[in-house]
Each structure stands twice: as C-alpha cells, then as structure tokens.
1. Would you kindly state how much longer the chain becomes between residue 103 and residue 128 on full extension, computed as 0.36 nm times their sequence separation minus their alpha carbon distance, in nm to one decimal?
2. How do the peptides 163-173, 34-44 rank, highest first, by the average count of neighbouring beta carbon atoms within 10 Å per residue?
3. Based on other C-beta atoms within 10 Å, arrange 88, 97 from fewest to most.
4. What distance in nm separates the simple spin-label points at residue 143 and residue 44, each placed 7 Å from Cα in the Cβ direction?
5. Show me 55-68, 111-124 ranked by packing, highest mean number of other Cβ atoms within 10 Å first.
C-alpha cells in the first residue's frame with residue numbers, strides 16, 4: 001500500500017471513529033446538563049449553554065394556586081406550567097426571594113420540598129440548604145409541582161424566579177411569579193418577633 005493510500009485510509013478511519021463518538025456520546029456532553037442545573041448557575045440562574053437569553057415573554061409561568069396571601073409559616077404550593085397546550089419545557093431552575101430585596105445579588109430564602117411523582121431535585125445555593133430546585137432529566141414536561149416553606153416567622157413578601165429551558169438554545173431566565181405576602185392568622189395578636197409555635201397551633205386548632 002502506497003503512503004498516499006495509507007494516509008487516506010487512516011484519515012477515513014479517524015473520521016468514521018469521530019462520527020461514531022458523536023453519535024454515541026451522552027447528550028449532556030453535547031448540549032449542556034440535562035440532569036439539572038449546576039451549582040455555578042445559582043447566582044445568574046443562566047444555563048450557560050452559550051446561547052443568548054430570550055427577550056420575549058416566557059411561554060411558561062410559575063403559578064401559585066392559593067393566591068397572593070399566605071399565613072406566616074404556612075407552605076406555598078407552586079406549579080411550573082406551560083401557558084398553552086402542546087408547549088413543553090425540558091429544564092428549569094427555581095428560587096424564592098424577598099420581593100423587597102433590590103440588591104444586585106439577592107440571596108434565595110426559604111426551603112423547597114419535592115412532591116413525589118413530579119420531576120425535581122433539591123439544590124443548595126449561597127451556602128444554604130434546599131433553597132433551589134432544578135430538573136433531573138430533559139424529558140419534555142408541561143407541569144412540575146413543588147412546595148416551598150418560608151423562613152420561620154417570615155412576615156415579608158416573597159417572589160419566585162424561574163428559569164425555563166425549552167431546548168439548548170431557547171430559554172427564559174428569572175421569569176417572575178406573582179408575589180406572596182405573609183400575614184398573621186386572622187385574630188392573632190402574637191408578636192411575630194417572639195417564638196410562637198405552640199401559640200399558633202392552639203389558634204389554628206380552635
């Protein structure tokens with residue numbers, strides 16, 4: 001075999017081998033992180049896929065069925081959903097913030113709790129535990145349910161920011177929910193700055 005033919009054979013073999021590597025490679029090696037957002041995404045909430053953020057209105061939202069008011073210490077049920085039938089997202093990252101925190105780098109507050117049967121995994125951001133949730137797979141979804149527990153004795157107004165990923169090049173960052181204001185239970189005169197677990201329980205059971 002001539003030197004030219006040998007070189008051509010080696011080049012062709014290398015090309016075929018490289019092609020098979022691309023075909024067989026796991027999706028996460030080519031298109032980012034289908035198994036969830038990395039810790040590095042905690043601050044910017046951006047996937048880091050190398051594409052620009054969408055500047056259009058997100059076709060997905062974070063819905064709060066109970067509305068804009070909740071009792072202090074009560075959990076909030078959240079639904080990440082599509083605005084239209086047949087529209088799906090593959091990835092997400094959600095955190096809660098104090099709506100009055102207008103600093104350049106607000107810190108997430110509260111903790112999340114997963115709901116069995118709904119996609120999600122807890123994340124620890126900004127040195128806290130379970131204060132963010134991201135996806136576990138890149139299967140298409142139009143509804144994800146999550147519960148959020150506010151900080152103890154929290155009497156502020158919370159807002160939820162969610163990044164939705166439709167595909168590797170299409171995503172919306174920090175889409176905002178309605179705000180939720182936490183108040184004392186009706187008729188309670190307890191000082192929110194003082195411990196009140198037993199007090200609150202007696203009130204709610206009466």
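We did not get these values from a lab; they are worked out from the coordinates using the rules stated. No experiment lies behind these values; they were computed from the predicted model shown. Glycine also receives a Cβ, built like all others from the backbone with ideal geometry; neighbour counts cover every protein chain displayed.
1. Using 0.36 nm per residue and subtracting the Cα-Cα distance, I get 7.2 nm.
2. The peptides rank, most packed first, as 163-173, 34-44.
3. By the 10 Å Cβ count, ascending, the order reads 88, 97.
4. Each label point lies 7 Å from its Cα, and together they span 3.4 nm.
5. Final packing ranking: 111-124, 55-68.
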